[in-house]
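Below is one structure; the comments refer to it alone.
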Amino acid sequence: MSESKRYEGGCHCGQVRYDVSLDLSQPLLSCNCSICLKTGMLLSFAPAEQFNLQKGAEHITDYQFGKKAIHHMFCATCGVRSFGKGTMPDGKEMRAINVRCLDGIELDGLQVMKVDGKSF
């Protein structure tokens, strides 16, 4: 059973704000790829239609590297990466949410699964 719930989040300075439906009863992903490792991302994923950018589109900068399959979005003012964009293996658009950037989330009670992103 999905325990999807609506959360709000954003960057450090508040220029970028969004809301998203996520099921945080599922394990978060802790990836060891070069960018996730260096930025401390803890990821949960949502279909694009469950994500709503409330404000700050003009403050978002897109960084891509490697195969350029993922849009690593970050606030141009404070530099925080609160979400990213990409496609699932089935071709559907998704959002990768940095759970550390959601308001009021206690990370200690959430499950974390390690992913070997270096191998991708």
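Considering (1) open to solvent by less than 40 Å² (accessible area, probe 1.4 Å); (2) at pLDDT below 95; (3) over 10 Å from the mean Cα position of the chain (by Cα); (4) under 18 Å from Tyr7 (Cα atoms), the lone condition that Met41 does not fulfil carries the number (3). Scanning the range 1-24 for residues that are at pLDDT 95 or above and assigned to a loop (DSSP other than H, G, I, E, B) yields Cys11, His12, Cys13, Gly14, Gln15, Val16, Asp23, Leu24. Of the residues in the range 29-38, at least one is in a strand (DSSP E or B) and either among the small types (Gly, Ala, Ser) or free of Cβ contacts under 8 Å to residues at least 60 places away in the same chain (or both). When each of Gly86, Gly91, Gly66, Gly79 is tested for being open to solvent by less than 30 Å² (accessible area, probe 1.4 Å) and of a type outside the set (A, V, I, L, M), the lone residue that passes is Gly86. Can you tell me which residue is nearest to Tyr18 (Cα to Cα) among those in the range 58-69 that are assigned to a loop (DSSP other than H, G, I, E, B) and of a type in the set (D, E, K, R)? Step by step, filter the range 58-69, then rank; the result is Lys68. Counting only residues that are part of a loop (DSSP other than H, G, I, E, B) and hydrophobic (A, V, I, L, M, F, W, C), which one in the range 73-120 is modelled with the lowest pLDDT? Ranking the qualifying residues of the range 73-120, first place goes to Phe120. Taking residues in the range 41-57 that are within 16 Å of Val16 (Cβ to Cβ), and partners anywhere that are aromatic (Phe, Trp, Tyr), the pairs with Cβ atoms closer than 8 Å and at least 6 places apart or on different chains are Phe51/Tyr18; Phe51/Phe83; Asn52/Tyr18; Leu53/Tyr18; Gln54/Tyr18. Considering only residues in the range 46-72 that are under 22 Å from Leu28 (Cβ atoms) and at pLDDT 95 or above, the one that is farthest from the chain's Cα centre (by Cα) turns out to be Glu49.
The values are calculated or read from the model by the stated rules, or taken from the named source; none is laboratory data. On a predicted model such as this, the values are computed, not experimentally measured, just so you know. In this analysis, Cβ positions are derived from the backbone assuming ideal geometry, glycine residues included, and neighbour counts consider all displayed protein chains. Side chains included, ligands, DNA and RNA excluded: accessible areas come from the protein's heavy atoms. Shrake-Rupley method; radii C 1.70, N 1.55, O 1.52, S 1.80 Å.
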